[in-house]
Each structure stands twice: as C-alpha cells, then as structure tokens.
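Take a look at the structure below.
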Amino acid sequence: MIDRRTLLAGAASLALPASAQAAPGLKEIAASKGLVFGCAAATYEFGNGDFAPTLLRDAAQLVPEYEMKRDVLEPRPGRYDFSALDRLSGFARRNGLSFRGTPLVWWHSNPPWLAPALQARRDDRLMTGPIAALLKRYSMASVDVVNEAVAEDGNGLRPSVWLDAFGPGYIEMAFHAARQAAPGTRLVYNDYGCEWGSGDRIRAAHLKLLDGLLKRNAPVDALGLQGHLWAFRDRTDQRKLRDFLQAVRDRGLAVLVTELDVDDTGGPADIATRDRAVADEARRFLDVALDNPATQAVIAWNLSDRYVDAPQDWKLKLLNWRYRKTLYDAQMRRKPLWDAVARAFAGARARY
Ligand code: G3I
C-alpha cells in the first residue's frame, strides 16, 4: 500500500521532467554555503532567447564582459557612453542580481586619446574622473579597481599609460578615489597567474604589491584571482595555491575568483575527454580556493562556449577548434564543468 506522502511525491516527480523540476542552480548551491556565484555577460549575448533564463538560473551576480572598458565608456574625452552598461546593470537590478564592475583602471582597452592626454598633462582626474563617474552611477557589490598591474613574468609592475603618467603610486591613487566615491563597495585588486603551477614569481610579486599597498593604507579589500585555468598545461599546484591563499588571508584580505574559465588548448580532439579535463582542473582549483574562508565568490567568465573567441593559432583554426572553456556548450547544454563547480560549492565549508 503506497502512503499518501509517497503518492504525492511520486505524482510531483511524474508531473515534470527532471530537467524542468526546480533543481537548484549554482547560485542556490553557492548561497547554501554563504558564497556568491556570478557570471560575466555581454549585451550581445542576450540576443539569444536561451541566454537570460540560463543566466538567471545560475547567477546571483552579473559582471560586464567588456561594456565597462574605458574604450567603450569614454570614446571621446569626457563624453561617457553608459548605454551598454546601463542595459546590463538594469537587467541585473530588474532580476535581483548584484552587480560587480571590471575594470576601473587597466593597461588595456583604453581609448586612443588617453595616452596623449596623459603625456600632455599628468592630471590625475584623467584616472579618478571615470572612477567617480562609474561608482556614483552604479551600485556595485565589488569592483576591480586596478586590473593586471603586475608584470606578466612577475618582475615588477606591468608597463602601462598609468605607470608612465603617475608612477607606481597610480595604484593607491585609484583605490583611494574608489573608496571616496563608493565607501560600501568591496575594492579589489585583480590579476592572473597566481593560480598557475608555474606562478611562483607572480605569487611573490602579488604579496609584495599587496604588502606595499596595505603598509601605505591603500583601501584594498580583496584580491581578485581571475581564474583563467589550463586543463592540459601549467595546472594548479594545490599546495602552492593553498599556501598563497593563506598568506592573502593572513593579510586580512578577502579573495574573489573573478573570471573562471578553463582553456583546453593542448587537449585531444575528443570532446568528452576535454570536457572531463576542464571539469577536473576547475575542481582541483576550486576545492583549494573554497577551502579558504577568505574566498567569498566565484565568477565565471562567460556562461557558454557560444561566444568564446576562436583560437588565434592557425593550426587550431585549420582544425576548426572551438574552446570548451565554460559551463555550457554553444547549444546552451550543461557540461561537466557545471557539475564540477556545483560539487565544489556543495563540498565547501559554510561561511556563516
Ligand atoms: O561588441 C562589439 C561589436 O559590436 C563590434 O563590432 C566589435 C568590433 O570592435 O567589437 C565588439 O566588442 C568587443 C568585445 O570584446 C565583445 O566581443 C571588443 O572589440 C573587444 O575588445 C572586447 O574584448 C574583451 C577584452 O576583455 C578587452 O576588453 C573581451 O570581450 C573580454 O572577454 C576580455 O576580458 C578580459 C578581462 O577584462 C580581463 N582579464 C582577461 C579577460 C579575457 O581577456
């Protein structure tokens, strides 16, 4: 005899196919541990009807993929074009997603008029003006105040129009301007390479940079690890990553994974093998990152492979190679990476 409870449960499960049942998305799994899962998105991705529902099922936070870059925002001096960023932030607000910004100050994607302007007059308002304009216009949970200031080989600071104009002090100038404009926004220094097995010099350079900033009372709240991982090369060294994240936490900083994806270059032609390797590397990285209580959020860089740029390498182009870096394939079907991220969140210690 089937009791009423079993009957109702059975009827409910029969009523809906498994895929349509309200299975938890990544945002619920993350939130159950006091963590945030978000995703970078670009305005052009919303042109496909399957994008927004999938994004809303998984993401609790939205990040502009390129709409906040200086060359998009200020194509002419002092003439801001917030239209694309307004669309993204409006979508987030209407759908109850928090909003994070990236970047305020970056060596890349600056409009062509900026370098000559900085050379002509080292007016710090050329840097602090947009910082104030953006942070007063948009309510951001966190923001990458400075992106990629460390040299790619970890040897000092990366050359940039900002370093040329203001010297190393540009970094703390940016953080002070951001704090003044948005006291409630978490201020992040964001970069890549600390994740990688080969990243010893980069990790040391980051700790040196952070120590200098903190010593000079720059209002840095968190380190952003971009999280651009590799499935078949330079894989995460879990012990080195664990030690590094503990060193960051010892400095009183939070950690955000800000641009998670896994490059499968070097993998075989077989898709299933590549997808498993991508998922495995993400899990190896996230298990360590999320085991540190300082880690507060994981942001995926792109939801789907659909718009991920094709490789530049001519040999890969000949093979019609398409990256398998993200949570969903080009047809918006979940991939093993989605399950790996879900399991990493489910296995994380609760933050509350
Ligand atoms: O959408 C426009 C299109 O309308 C226009 O016709 C076309 C021609 O210029 O440009 C398109 O915009 C491009 C945009 O990506 C969307 O595809 C921009 O040119 C291009 O510069 C932009 O590249 C972005 C890049 O940062 C530079 O801004 C990528 O989307 C974005 O994924 C990438 O993100 C960076 C992070 O900010 C920093 N960390 C590394 C990460 C990956 O490179």
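Worth a mention:
- Qualifying residue in the range 120-142 (condition: assigned to a loop (DSSP other than H, G, I, E, B), free of Cβ contacts under 8 Å to residues at least 40 places away in the same chain and open to solvent by 10 Å² or more (accessible area, probe 1.4 Å)): yes
- In the set (1) away from the ligand (no atom under 16 Å from the Cβ); (2) in a helix (DSSP H, G or I); (3) open to solvent by 10 Å² or more (accessible area, probe 1.4 Å), the condition left unmet by ALA92 is number (3).
- Subset of the range 43-67 that is open to solvent by 40 Å² or more (accessible area, probe 1.4 Å) and away from the ligand (no atom under 16 Å from the Cβ) - its residue that is nearest to MET140 (Cα to Cα): LEU56
- In the range 68-89, the residues that are open to solvent by 60 Å² or more (accessible area, probe 1.4 Å) and under 21 Å from THR54 (Cα atoms): ARG87
- A single entry from LEU337, LEU303 fulfils the requirement of being at pLDDT 95 or above and within 16 Å of the ligand (Cβ to nearest atom): LEU303.
- Counting residues in the range 241-249 that are more than 14 Å from the chain's Cα centre (by Cα) and over 24 Å from ARG351 (Cα atoms) gives zero.
- Under the condition of being buried (at least 21 other Cβ atoms within 10 Å of the Cβ) and away from the ligand (no atom under 16 Å from the Cβ), the residues counted in the range 223-249 number 6.
The values are calculated or read from the model by the stated rules, or taken from the named source; none is laboratory data. All values derive from a computational prediction rather than experimental measurement. FYI the Cβ positions are ideal-geometry reconstructions off the backbone, even for glycines, and counts take in every protein chain you see. Keep in mind that these areas ignore ligands, DNA and RNA; they rest on the heavy atoms of the full protein, side chains included. Shrake-Rupley method; radii C 1.70, N 1.55, O 1.52, S 1.80 Å.
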